[in-house]
1. I'd like to check something: does the stretch 58-75 contain any residue that is modelled with pLDDT of 80 or more, out of contact with any helix residue (DSSP H, G or I) (no Cβ under 6 Å at 6 or more places or on another chain) and on the phi > 0 side of the Ramachandran plot?
2. Can you name the residue in the stretch 133-143 that is open to solvent by 70 Å² or more (accessible area, probe 1.4 Å) and within 14 Å of the chain's Cα centre (by Cα) and, of all such residues, is nearest to K9 (Cα to Cα)?
3. Got a number for residues in the stretch 89-121 being assigned to a loop (DSSP other than H, G, I, E, B) and open to solvent by less than 20 Å² (accessible area, probe 1.4 Å)?
4. Filter the stretch 7-34 down to the residues that are more than 13 Å from ligand 1 (Cβ to nearest atom) and touching a Ser or Thr at 6+ places or on another chain (Cβ under 7 Å) and list them by number.
5. Would you check if W78 is surrounded by 11 or more Cβ atoms within 10 Å (Cβ to Cβ), in contact with a helix residue (DSSP H, G or I) (Cβ under 6 Å, 6 or more places away or on another chain) and modelled with pLDDT of 90 or more?
6. Give the residues of the stretch 88-114 that are farther than 18 Å from V12 by Cβ and either in contact with a strand residue (DSSP E or B) (Cβ under 6 Å, 6 or more places away or on another chain) or among the aromatic types (F, W, Y) (or both), sorted by residue number.
7. Filter the stretch 115-157 down to residues that are touching a Cys at 6+ places or on another chain (Cβ under 7 Å) and of a type in the set (A, V, I, L, M), then give me how many there are.
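The values are calculated or read from the model by the stated rules, or taken from the named source; none is laboratory data. Only a predicted model underlies this, so the values are computations on that prediction, with no experimental measurement involved. Positions of Cβ are generated from backbone atoms using ideal geometry, with glycine treated the same way; all protein chains shown enter the neighbour counts. Side chains included, ligands, DNA and RNA excluded: accessible areas come from the protein's heavy atoms. Shrake-Rupley method; radii C 1.70, N 1.55, O 1.52, S 1.80 Å.
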Amino acid sequence: MGSRDYLFKVLVVGDAAVGKTSLVQRYSQDSFSKHYKSTVGGQERFTSMTRLYYRDASACVIMFDVTNATTFSNSQRWKQDLDSKLTLPSGEPVPCLLLANKSDLSPWAVTRDQIDRFSKENGFIGWTETSVKENKNVNEAMRVLIEQMVANTREGSISVSSQGDYINLQTASTSGWSCC
Ligand code: GDP
Ligand code: MG
């Protein structure tokens, strides 16, 4: 029958230089630039984000660089920070995908077993390795996230159809992906 549009806010977090901006560019424009200059050059530390930034997100991606063990261990801090500041309207934690990026590079600083255990212990909906550079698993990973978000919308107490006629033009106007 009819089709329906959804607008979702997806957070992409993780340490500097793991590939977050590249992911957004790849997914939204199917482009990759290895000459892209980091917005926060040199900053490699975990910084907790404000509640305002996290607000109303439907899902999140936490990304690390497989060649950099610190970015992997910091993923736990990103996840904990996020869980402490954000839940779905239903009270459930926001579905969060763990992306092991730069899989095209070697050697890896972490093993698949380590990532797998970490993902389970920290309540991710799952994880996968990606190479934003080689466009590996990017669309597939985002598809998983989108399916999860749509399912949550259907199950959730706030369904789009029962919400009434008010259309929030402020959120509707910021369509697509944006990033830092
Ligand atoms: P951000 O700070 O997390 O937004 O990271 P950027 O998107 O700015 O990426 C940091 C650097 O890593 C850039 O030089 C990218 O070209 C590079 N990069 C991003 N993704 C990949 C990848 O999958 N493989 C490789 N080899 N390099 C990547
Ligand atoms: Mg960036």
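1. The answer is no, given that none of the residues of the stretch 58-75 is modelled with pLDDT of 80 or more, out of contact with any helix residue (DSSP H, G or I) (no Cβ under 6 Å at 6 or more places or on another chain) and on the phi > 0 side of the Ramachandran plot.
2. So the first thing to find is which residues in the stretch 133-143 are open to solvent by 70 Å² or more (accessible area, probe 1.4 Å), and the list is 133-134, 136, 139-140, 143.
Now restrict to residues that are within 14 Å of the chain's Cα centre (by Cα): 139-140, 143.
Details: N139: 17, E140: 18, R143: 14 Å.
Here the residue is R143.
3. Start the filter on the stretch 89-121 by keeping residues that are assigned to a loop (DSSP other than H, G, I, E, B), which leaves 89-92, 94-95, 102-111.
Filter again for open to solvent by less than 20 Å² (accessible area, probe 1.4 Å), leaving 94-95, 110.
Residues that pass the stated criteria total 3.
4. Answer for the stretch 7-34, where residues must be more than 13 Å from ligand 1 (Cβ to nearest atom) and touching a Ser or Thr at 6+ places or on another chain (Cβ under 7 Å): L7, F8, K9, V10.
5. Details: surrounded by 11 or more Cβ atoms within 10 Å (Cβ to Cβ): yes; in contact with a helix residue (DSSP H, G or I) (Cβ under 6 Å, 6 or more places away or on another chain): no; modelled with pLDDT of 90 or more: yes.
Against the criterion (surrounded by 11 or more Cβ atoms within 10 Å (Cβ to Cβ), in contact with a helix residue (DSSP H, G or I) (Cβ under 6 Å, 6 or more places away or on another chain) and modelled with pLDDT of 90 or more), W78 does not qualify.
6. D104, W108, listed by residue number.
7. Going residue by residue through the stretch 115-157, those that are touching a Cys at 6+ places or on another chain (Cβ under 7 Å) are 124-125.
Filter once more, so that each one left must be of a type in the set (A, V, I, L, M): 125.
Qualifying residue count, the stretch 115-157: 1.
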